[in-house]
């Protein structure tokens, strides 16, 4: 359960791993909603989610064993948790796709998956600027916020349409939850952005 | 993005602004559920929610730049976040009213809005006692707790009635969520009360 | 509101009380889903939930008044909150049982209640090892994690079956929420396990 932490890993490398793990997950999610082959892609995302758990676990473990940290302890904990939440919600979406035997994805689901992919790319970029406390992060955070607003807009419009056009209540229940789960993943990217901004500000 | 913080503002003034912003929102909510004119009131609440975001952002920013704080850092953060959550849930209610094209409000929704208004008034009062660490806060917190219990009771009774009397499942889904969202706003007032009690206790 | 804290109580005794209170609640839950007599058992669980609130309140109060704590302040707060969340979700389940006028429980609900009971027993055992920082806790935490995975599996299978076999959408809405609430109680046991692991690790 408690494997050895590779000696040469620091917190910034953990964040980098977590962000790249999300990017990997967001790419597979994009393939799942575009090309189908749901069964295989879903299995892959569950593995990626497990990898995320391990990265989070190792980071928290290192935090508990480190006396002096390069950035505030609460920010390290907050950041790795928010990164973990993103991949958790992507996995939660895929679990529900399986549960509800979804075979096809409407345009809104594909658009939301695309926004998550873009958010993942921006997050990898932001994290890579963190160690140098590069102020570019501010601009990336603004972009992450605007991607979250876009996800919000798409998800709300899709749910409104569902209530207006869909006759089967069970389909409404399923898709309402599916859209909301993708939207929550997007919210978590915004949390990541807010924590990054806070860190940069303290070190300004 | 990071405007100048007015120099003469301290944390207590930020809390006061946040509480009065909620009161403003709760008043507009009361008008929305009573008099209709939903479109215009909803727009107003969204603006008030944005103002709340700005107050929270500025408070967190000042917290990050302040070395010695008048009350514990985690309490400042917890309090401003809980205040922000109240107005977020009021806004979430209004967003769903729009999404689900709600045109009329049952008695239970009006009663819940009324409880939120009373809670907002009590919160403004409690916050105004905070700087002097006035023990009146205890009594206000008891009142906030009892308002939350009342909201709980109303919301549960309304949902039970919905499942018994409403034939259309989509209407059940919509109103269940609407009642729960108002109830969550009320929960957040209780969080505010708990944090205030903790602060008073530490300074007793 | 602020009764005297018994002088001879320390934090470990508070944790012990909270864990045993959960165990009491989980036993009554087991009886409720097995033998019926819902009305009386539900009343009992609400009382147990109130007891939990009082234990949490007293713990937080003592934390606020204690300068040097035997384990990190944030861990004390996190642990007592997670323990409180468990009994809150058990109570939330019972509230919904009452609200939705549930009279009979399918096998999956009984299995989930049984897992919660086993998790409560393990939690009492883990807490009793805490003061001595006994490394047995690791093994108990692994067991709590595997119980949570089992609860996850059962709850998901039950929800999938619901969507496939149940014709009445309102019954789907009710039971989906009931299963999810039991699953959330199980999640909170996992949170307890994670916090315990963190504490043990810091003191290793």
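Things to note:
- Distances in nm from residue C:118 to the matching label points in the other copies, shortest first (labels 7 Å along Cα to Cβ): 4.7, 4.7
- Using only Cα coordinates, the Kirkwood hydrodynamic radius of the range C:1-104 works out to 14.7 Å.
- Rounded D (µm²/s) - chain B, Kirkwood Rh over Cα pairs, Stokes-Einstein at 37 °C, 0.692 mPa s: 187 µm²/s
- Backbone N under 20 Å from the residue C:99 label point (7 Å along Cα→Cβ), restricted to the range C:44-65: C:44-50, C:53
- Pairwise centroid distance, computed over Cα atoms, of the range B:33-49 with the range A:17-43, Å: 40 Å
- Cα-based equivalent ellipsoid of the protein assembly as shown: semi-axis lengths in Å, sorted from largest, via gyration tensor: 32, 30, 30
- For the range B:99-120 and the range A:59-76, distance of Cα centres in Å: 45 Å
- Each other copy holds its own label point for residue A:53; taking that point as 7 Å from Cα along Cα to Cβ, the gaps run 3.4, 3.4 nm, nearest first.
- For the rotational copies C and A, the chain C residue with its Cβ nearest the relating axis, together with that separation in Å, is C:169, 2.
- Distance from the Cα centroid of the range C:134-204 to that of the range A:148-171 is 29 Å (rounded to whole angstrom).
- Computed from the C-beta positions of residue C:74 and residue A:167 and an R0 of 60 Å, the FRET efficiency is 0.75 to the nearest 0.05.
- Cα gyration tensor, the range B:40-149 - rounded (a/c under 1.5), prolate or oblate: oblate
- With contributions of -39500 (n - 2.57) from each DSSP H run of at least four residues, the per-residue ellipticity at 222 nm computed over chain B stands at -29000 deg cm²/dmol.
- Rough spin-label spacing in nm, given labels placed 7 Å along Cα→Cβ, for residue B:13 and residue B:134: 2.0 nm
- Inter-copy label distances at residue A:103 (7 Å, Cα→Cβ; nm, one decimal): 3.9, 3.9
Throughout, read-outs are computed from the coordinates displayed, never taken from laboratory work. Everything numeric in this text was worked out from a predicted model, so none of it was measured. Counting neighbours? That spans all protein chains shown, and the Cβs are built from the backbone with ideal geometry, glycine included.
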